[in-house]
Amino acid sequence: MAWRCSGSSNKELVENLFRADLIKSSRVRDAMMKVDRAHYCPDLSYAYEDSPQSISHAATISAPHMHASAAESLLPYLKPGARVLDVGSGSGYLTAVLAELVYPQEEDGNGEVGKARVVGLEHIKALRDMGEGNTKKSKRGQQLLGEGKVSFVVGDGRKGWSEGEGAEKGWDAIHVGAAAVELHQELVNQLRSPGRIFIPVEDPDGYGQHIWTVDKDANGVVTKKKLFGVRYVPLTDAPR
């Protein structure tokens, strides 16, 4: 079904995903409507295709239906004012969508919303800079960056992010956009209670990958669930 969801505009792409039930909630639909994928794709002729696109440095911008799947999975923890870490943020597209979910424009004056933070974490500086530069292409993105609601940093995604103002408080939701060789404990340690991680993980035999969710309940009890098969680029440190 996903391959039929491409459109000639961002609006048509998102509407097609919604009609196909790949976007299930109005919140995710509205957030993806607000973030023009063309700002994040290097080849504008493919911006509204429901397929992954190369963005250099052996990285990709995932297919829109995969971004929708991630947002839908994390949605219960993406309440206005939530703290979100996007590991392997790449183009910055999903980082911006997540920001729209936890910092909606219509609630800018809400005190809880003001606590929202979304951090895009990349292991290569050029990709960090790309994500920030793409986000600056819209006035809304400039606002979120200027107010410190969204930021892009460089680091080893396998270790999460615990630097900078407020980072020690942990994360309500963690999205990982590259395949890990294991469920890294440092990410679990940084997850708030309650909270959720959405992460692709290499199968033990090395021949496949699956999406896993890692939930931490209000008592700190961790539950791991294997969902569906995928194909992502590997989660690594920067080349030396």
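The values are calculated or read from the model by the stated rules, or taken from the named source; none is laboratory data. Quantities reported herein were computed from a predicted structural model and do not represent experimental measurements. In this analysis, Cβ positions are derived from the backbone assuming ideal geometry, glycine residues included, and neighbour counts consider all displayed protein chains. Surface accessibility is based on the protein's heavy atoms, side chains included, excluding ligands, DNA and RNA. Shrake-Rupley method; radii C 1.70, N 1.55, O 1.52, S 1.80 Å.
Working ranking of peptides 4-12, 56-64, 223-231 by packing, defined as the average number of other Cβ atoms within 10 Å per residue, highest first, is 56-64, 4-12, 223-231. Across the chain, the mean sequence separation of Cα contacts (distance under 8 Å, 6 or more residues apart), normalised by length, yields a relative contact order of 15 percent. For the stretch 58-230, the per residue solvent-accessible surface stands at 41 Å², with DNA, RNA and ligands left out and a 1.4 Å probe.
Here's how it looks for residue 230: its modeled amide H is under 5 Å from those of 209, 210, 211, which are all 5 or more places away or on a different chain. Comparing 26, 69, 151 in a Gaussian network model of the chain, where Cα atoms under 10 Å apart are tied by springs, the biggest mean-square fluctuation is seen for 26. Look at the alpha carbon pairs under 8 Å that are at least 6 residues apart: their mean separation over the length of the stretch 1-73 gives a relative contact order of 32 percent.
Full extension of the chain segment joining residue 185 with residue 46 gains 46.4 nm, where the gain is 0.36 nm per residue of separation less the Cα-Cα distance. Close amide H contacts of residue 180 (hydrogens built in the peptide plane, cut-off under 5 Å, sequence separation of 5 or more or a different chain): 201, 202, 235. For Cα Rg over 2.2 N^0.38 Å, the value computed from the atomic coordinates appears in the list (1) 1.01; (2) 0.93; (3) 1.10 under label (2). Using only side-chain charges placed at the Cβ, +1 for Lys and Arg and -1 for Asp and Glu, the dipole size of the chain relative to its Cα centre rounds to 200 debye.
Counting only Cβ charges, +1 for Lys and Arg and -1 for Asp and Glu, the dipole size of the stretch 23-151 around its Cα centre is about 220 debye. For the residue pairs 115/169; 34/149; 11/115; 11/226; 125/159; 34/159, alpha carbon separations beyond 21 Å are given by 11/115; 11/226; 34/159.
Working ranking of peptides 130-139, 80-89, 207-216, 27-36 by packing, defined as the average number of other Cβ atoms within 10 Å per residue, highest first, is 80-89, 27-36, 130-139, 207-216. The amide H of residue 152, built 1.01 Å from its N in the peptide plane, has 120 as neighbours under 5 Å, considering only residues 5 or more places off or on other chains. On full extension, the segment bounded by residue 227 and residue 210 gains 5.5 nm, given 0.36 nm per residue less the C-alpha separation. DSSP beta bridges confined to the chain are antiparallel in about 45 percent of cases. What the phi angles of the stretch 73-90 give under the Karplus curve with 6.51, -1.76 and 1.60, with θ = phi - 60°, is a coupling list of 5, 7, 3, x, 10, 9, 7, x, x, 6, 10, 10, 10, 10, 7, x, 5, x Hz, glycine and proline written as x.
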